[in-house]
Amino acid sequence: MIVEREEAIERFKTREYWSIESDLTSGAESFVSRLSHFAGEKLTQFSISNAAQATAMESELLRAAAGRLHVDSVEARQRKRNPAPPFTTSTLQQEAARKLGFTAQRTMRVAQQLYEGIRIEGDSVGLITYMRTDAVNLAQEAVAEIRDWIVGQYGAENIPTTPNIYKTKSKNAQEAHEAVRPTAAARVPAAIRSSLNDEQFKLYELIWKRAVASQMIYATLHTVTVVLRAGENHLFRASGSTVANQGFMVLYREGRDDSKEDADQKFLPSLKKGQMVDLLALRKEQHFTEPPPRYSEASLVKTLEAYGIGRPSTYASIISTLQFRSYVEIDRKRFVPTDIGRIVNRFLTEHFERYVDYNFTARMEDALDAVSRGEKEWKPIMARFWRDFSALIKSKEESVKRSEVLQARELGVDPQSGRPITVRMGRYGPFVQIGTREDEEKPRFAGLRPGQKMDQINLEVALALFTLPRDMGETAEGEEMQVNIGRFGPYVRFGSLFVSLKKDDDPYTITRDRALELVAEKKERDANRVIHDFTEQGIQVLRGRYGPYITDGENNARIPKGTEGESVTLEQAQRWLAENGKPVRKKATKKAARKTAVKKKPATRASRTRRVSKVSTEAKTKSTRSVAKKPTGKRTAARKVSNQTAA
């Protein structure tokens, strides 16, 4: 799903369009309307496609309106907005992501704490019901308690005549537990604030408000739509709404994904048909279409639920697995597939298409649900799955080449050596390679830079990766300078010393002047680092990360508190090194000793007999356990497929 969404974004072609709005006033009140018909024709999104067309239409509208618009019609109506049902696991994770910024895993961790119990006035109290559920119904006792609390707080007019009853839309809902709700409606979040930490309070408040609001009366909104005319056949349209009765909205409003909040409070003045309103100005605005948004945790969980993939207990683990295996990255709270994720997705869709198909996972979930209800036996289902799956794996082991797994892609030929250049995935990430293993000359390698993607890199970009190391001439002291990337990042080497590049410095484009500047700063820091240099004795007093200290190259000693580094004498330095000196930590350079193979003595007849007897006993024990053990974990195969499907 995530990779497919990213590919849709990459394929997306931006398209330009324009809109024309009018700023109007009626008496002392102003409002805005948008052009809906021009010359009698209804406008679509792309009817106005460029600036020249928008300018020409603007001129015609100004001429036709002559400073005023005529109110053609006023349509007022009333609509109702019903409260959202209490939380299921899925909707709890979605809403916590939208409103609190919680990940699915964090939501479930905090919910578990609220369910297991929080210490309140010396007693451990479970604050919410079981949080792994796909049901939206509430127990009758809970509904009665919630309704009583609403009557006491907001009055009887804020509850419906009969309790609100909700039904789940999920086709595979098991409804073994009721919806997530507070164990006591009277336990208001503010009253127990001191017993909860910040994240516990935020989540409990969210659950409490949603459950209580679900039993309140609907909100009543008054909406008004006004059509205004400029000249004979140019029409503008304005709409707005006001809240006549807040109902449940006094307590809770549900969040939305990838959309702007409804302009419920958008105000329109009182207008009548036939009235004239003053035109203050016309505004033409340029717009561009936007690609589909990347998945957030909330929208991904919602999509998984819509496809019937996973269950309340698996959404968080699916997402955490994608991140743990580095299949995805988080960018501004949205999932972006990594190169590894794309490779795994491409490999699976090419060779295991049936098993990563959304419908296959949903069908497997249905079959396992039937097993849980006692309608089917689990062994035939798993036997059919394993028979086909194992046969496919065996065939792929024989037919798939290593290069197909690594997704190697040839970019072209190196102009200097004439050898092929490829981009592929390695143990430590994506890289570009010049040459092959079969060449007499060893292949050259260069890792991709941060932000570069395997699917987007071309020959020109690949060749640029091999420009390192870059020679930058010499310093004023005659030290050779070279820019390169090492184990700890990009750096400038001057002589036998090194200085790291700053965050904004690019090793591929850094200039000689900038390199000299970094070297000068490094030399200045090193010079200022030395407080005293007792050259003959080989002792120095240096400024360190945690304050001044003494060193002789072999041992370091801290300077006593209250003593300034500048005041340290040679005699003090020698004494403190002798009394408090600790060996300087050095990098281990010793190679691991090769283990010497120990020649085993030939087994005696007695020892062979004991070994056979032991193996036979273990085999019997293992066989007995396998027969006696009750079959569990009947969803393991489907769960694994669910993780790959989401990627």
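The values are calculated or read from the model by the stated rules, or taken from the named source; none is laboratory data. Just so it is clear, the structure is predicted and the values come from calculations on it, not from any experiment. Cβ placement follows ideal geometry from the backbone for every residue including glycine, while neighbour counts extend to all protein chains displayed. Side chains included, ligands, DNA and RNA excluded: accessible areas come from the protein's heavy atoms. Shrake-Rupley method; radii C 1.70, N 1.55, O 1.52, S 1.80 Å.
Some observations on this one:
- The charge dipole of region 1-72, taken about its Cα centre with unit charges on the Cβ atoms of Lys, Arg (+1), Asp and Glu (-1) only, comes to about 180 debye.
- Overall, the accessible surface of the chain at a probe of 1.4 angstrom is composed of carbon and sulfur to the extent of 49 percent.
- Counted over all Cα-Cα pairs of region 16-95, pairs farther apart than 16 Å make up 68 percent.
- Whole-Å semi-axes of region 1-139's equivalent ellipsoid (Cα gyration tensor): 52, 24, 14
- Residue-span extension gain [Val530 to Ser73] - 0.36 nm each, minus C-alpha spacing: 156.1 nm
- Computed over the chain, relative contact order equals 14 percent, with contacts defined as Cα pairs under 8 Å that lie 6+ residues apart.
- Cα-based shape type of region 455-598, given that a ≥ b ≥ c are square roots of the gyration tensor eigenvalues and the cut on a/c is 1.5: oblate
- Among complete DSSP H helices in the chain, none has alpha-carbon atoms stretching at least 27 Å along the helix's long axis together with a mean Kyte-Doolittle hydropathy reaching 0.0.
- All-pairs Cα distance distribution in region 434-524, expressed in whole percent, bin size 10 Å: 14, 42, 28, 14, 2
- Ranked packing of 360-372, 186-198, most packed first, by mean Cβ within 10 Å: 360-372, 186-198
- Fraction of alpha-carbon pairs over 37 Å apart in the chain - percent: 66
- Which of Leu348, Val336, Met364, positive extreme of dipole for region 317-365 (C-beta unit charges): Val336
- In terms of the mean number of neighbouring beta-carbon atoms within 10 Å, the peptides 441-452, 483-494 order highest first as 483-494, 441-452.
- A helix-only calculation puts the chain at -11000 deg cm²/dmol for mean residue ellipticity at 222 nm, using -39500 (n - 2.57) for each DSSP H run of at least four residues, averaged over all residues.
- Magnitude of the charge dipole for the chain, about its Cα centre and with charges confined to Cβ atoms of Lys, Arg (+1) and Asp, Glu (-1), is about 4300 debye.
- Loop-located chymotrypsin sites (Phe, Trp or Tyr not before Pro) across region 17-117 with a Cβ neighbour count of 12 or fewer within 10 Å are Phe46, with loop assigned by DSSP.
- With coordinates expressed along the principal axes, the C-alpha atoms belonging to region 136-247 extend over 66, 38, 32 Å, beginning with the largest.
- Where Rh is the Kirkwood radius over Cα pairs, Rg/Rh for region 287-389: 1.04
- Centre-to-centre, using Cα atoms only, region 181-250 and region 426-447 are separated by 59 Å.
- Listed pairs Lys169/Lys202; Lys99/Lys167; Lys502/Lys523; Lys99/Lys333; Lys99/Lys209; Lys209/Lys333 exceeding 18 Å between Cα atoms: Lys169/Lys202; Lys99/Lys167; Lys209/Lys333
- Calculated log₁₀ intensity ratio I(q)/I(0) where the Debye formula runs over C-alpha points of region 68-215, q = 0.15 Å⁻¹: -0.78
- Selected from Phe102, Ala66, Leu92, residue furthest toward positive end of dipole (region 61-139; charges at beta carbon): Ala66
- Relative contact order of region 137-251, taken over Cα pairs closer than 8 Å and 6 or more residues apart, is 27 percent.
- Approximate spin-label separation Val400-Tyr307, in nm, with each point projected 7 Å along Cα-to-Cβ: 1.9
- Loop GluC sites (Glu not before Pro), region 95-198, which have at most 11 other Cβ atoms in a 10 Å radius of their Cβ (DSSP): Glu121
- Nearest-0.05 FRET efficiency for Lys502 and Lys453, computed from C-beta distance (R0 25 Å): 0.50
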